[in-house]
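Undergrad: What follows is a single structure, and I will ask about it in a moment.
Values in this text are rule-based calculations from the coordinates and carry no lab data. Note that this is a predicted model, so its numbers are computed, not measured. Quick reminder, even Gly has a Cβ in these numbers, built from the backbone with ideal geometry, and neighbours come from all protein chains shown.
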Amino acid sequence: MPSRMTRSASRDASFSSRETCDKSINGSPVPHDQLAVRLHAIYDERPEKVLFVKGSGRLQYGEVVTAMDVARGAGVKVLGIP
């Protein structure tokens, strides 16, 4: 199952990471090496830079933290874990 990032009506984004460590933004698959570029494209112009992160229980903690670090580097200011 791929992971995904989607924008909600409140203009926040959510990121879920699953067993395969695949990532997607707004339903579009994104290779890990393009994650920062795509996040910059989303967040550079946004006044509120909020991302909700949800990782599968089968993932290693470090894989989720790495994706969170990429998001921070791309300008995300608030990371939430529902």
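Undergrad: Note down the nm distance, to one decimal, between modelled labels 7 Å out along Cα→Cβ at residue 40 and at residue 77.
TA: 2.0 nm
Undergrad: List the residues whose amide H sits under 5 Å from the amide H of residue 54, counting only those 5 or more places along or on another chain, with H placed 1.01 Å from N in the peptide plane.
TA: 15, 16, 17
Undergrad: Based on other C-beta atoms within 10 Å, arrange 45, 63 from fewest to most. List each step's numbers first, then the result.
TA: Numbers: 45 8, 63 14.
Least to most surrounded, the residues fall as 45, 63.
Undergrad: Mind checking which aspartates and glutamates have their Cα closer than 14 Å to the Cα of residue 23? Skip sequence neighbours fewer than 8 apart in that chain.
TA: In chain and number order, the partners are 33, 63.
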